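The values are calculated or read from the model by the stated rules, or taken from the named source; none is laboratory data. What you see is a predicted model, and the numbers here were worked out from it, not measured in a lab. As a convention, Cβ positions derive from the backbone with ideal geometry for all residues, glycine included, and neighbour counts pool all protein chains shown.
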Amino acid sequence: MTDPYIGTVVISLATVLLLESVFPLHQATVPLRRWMHNFGLSVLALGTTLLTPLLFWVVVRVTGIPSAGGLLAHGNVPLWGQWLITFLAMDGMRYGLHRLAHRLPWLWRLHAVHHSDIELDATTTHRHHPLENLVLSLATLPVLVALSPPPTAVLAYAVLSTAIDTLSHANLRLPTLLDQGLRRLLVTPAYHRVHHSALRSQTDSNYAGLFPMFDHLFRSHSVVPDDGGRALTIGLESGRDAASQSLAALLLAPFWNPR
C-alpha cells in the first residue's frame, strides 16, 4: 500500500514545483539551501507517516479484525457509503488533530516546525517534525482499527489528500475565479496560505486539510485576502534567521526553543 502513496508524493512535488516556476504567486529567493533542509526533514517525517498503514496492517493481523469492513460492514453500510464515511472520518479527524496541535503547547512545539518556514511552496508540504507525524499516526490508528474501513478507501484518501496538500502549499497563482470556485469544495493555495500567516489570528484558522466545510462547520474559517495572500508575511514571528532554519535546529527546536 505504500508504493502508490510514495509515488503520489514524488509526482505531486514534481508537478507543483513545475507549476510554481511558470505561475508563481511571487518571486521567491534562491531556494536551494531551504529546499535541502525541507527535503531532509520531509524524508524523516514521511518515514513516520508510513507507520500508520503498517501499524494498521499489524493490528489487523494480530487481532483478527476483518481488513475490509469491521464496524462499517457490520452496520450493513454499502461499499459507496463505506468510502464516503472513510473520507469524512479521516478528514474530520485530521481537522480535529490539526486544531488540537494549535491548542496543546507540547504539540504546538512540534507542529510549529512546519509553520516556521518563512516561505511557502511545495517543499513545505512535508516539512514536519518526525515526532509530530508519529504522534498523529498513533492517534489515527485507533480510529482506523475501530472503523476498519476498506484499505483501498484509506489509500485513496491518502493519495488525494497528499496531492491536495502539495497544491495547497504551493507558491502558485491560480486565476481568481478558479480558486474561488475550487475552495467551495477543496482547500486551495490561497485558502491555506492564510493558515501560514505570521499573524496568530490567521495562523489559528483555515485548519482544513481536504474539505473546507469543516472550517465553516466549526467556525474556524478566515477570509482569503483579495490578493490571494500575496502580501501576507509567512512563518512565525521568531526563528526567522538562517541558523534557526537549519535541519539540526529544526529537529531540536521543540526541545530548546518552544515557539
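In segment 151-175, what residues are buried (at least 23 other Cβ atoms within 10 Å of the Cβ) and in a loop (DSSP other than H, G, I, E, B)?
Of everything in segment 151-175, those that are buried (at least 23 other Cβ atoms within 10 Å of the Cβ) and in a loop (DSSP other than H, G, I, E, B) turn out to be HIS169, ALA170, ASN171.
Determine if segment 176-183 includes at least one residue that is surrounded by fewer than 23 Cβ atoms within 10 Å (Cβ to Cβ) and either of a type in the set (Asp, Glu) or in a loop (DSSP other than H, G, I, E, B) (or both). Before you say what the answer is, go through the steps one by one.
At the first step, the residues of segment 176-183 found to be surrounded by fewer than 23 Cβ atoms within 10 Å (Cβ to Cβ) are 176-183.
If we keep only those that are either of a type in the set (Asp, Glu) or in a loop (DSSP other than H, G, I, E, B) (or both) as well, we get 179, 183.
Checked against the condition, which is being surrounded by fewer than 23 Cβ atoms within 10 Å (Cβ to Cβ) and either of a type in the set (Asp, Glu) or in a loop (DSSP other than H, G, I, E, B) (or both), segment 176-183 yields at least one hit.
Working only within segment 206-225, note down all residues that are under 18 Å from ALA170 (Cα atoms) and without any contact (Cβ under 8 Å) to a residue 24 or more places away in the chain. Steps first, please.
We begin by selecting, within segment 206-225, every residue under 18 Å from ALA170 (Cα atoms); these are 206-212, 224-225.
Once the filter is applied, which keeps residues that are under 18 Å from ALA170 (Cα atoms) and without any contact (Cβ under 8 Å) to a residue 24 or more places away in the chain, segment 206-225 yields only ASN206.
Can you tell me which residue in segment 213-259 is surrounded by the most Cβ atoms within 10 Å (Cβ to Cβ), limited to those that are of a type in the set (Ser, Thr, Tyr) and under 28 Å from PRO130 (Cα atoms)? Write out each step before concluding.
In the first step, residues of segment 213-259 are kept if they are of a type in the set (Ser, Thr, Tyr); the result is 220, 222, 233, 238, 244, 246.
Still in the running and under 28 Å from PRO130 (Cα atoms): 220, 233, 238, 244, 246.
Details: SER220: 18, THR233: 13, SER238: 12, SER244: 16, SER246: 15.
Among those residues, the one meeting the criterion is SER220.
Can you tell me how many residues within segment 119-142 are of a type in the set (A, V, I, L, M, F, W, C), crowded, with 20+ Cβ neighbours inside 10 Å and either touching an Asp or Glu at 6+ places or on another chain (Cβ under 8 Å) or more than 22 Å from TYR157 (Cβ to Cβ) (or both)? If you could, list the steps in order and put the result at the bottom.
So in segment 119-142, the residues of a type in the set (A, V, I, L, M, F, W, C) come out as 120, 122, 131, 134-136, 138-139, 141.
Filter again for crowded, with 20+ Cβ neighbours inside 10 Å, leaving 120, 122, 136.
Add one more test, that the residue is either touching an Asp or Glu at 6+ places or on another chain (Cβ under 8 Å) or more than 22 Å from TYR157 (Cβ to Cβ) (or both), and what stays is 120, 122.
Looking only at that region, the number is 2.
Kindly evaluate LEU97 against the criterion of being in contact with a Pro (Cβ under 6 Å, 6 or more places away or on another chain), modelled with pLDDT of 95 or more and part of a helix (DSSP H, G or I).
On the way: in contact with a Pro (Cβ under 6 Å, 6 or more places away or on another chain): no; modelled with pLDDT of 95 or more: yes; part of a helix (DSSP H, G or I): yes.
When the stated conditions are applied, LEU97 does not pass them.
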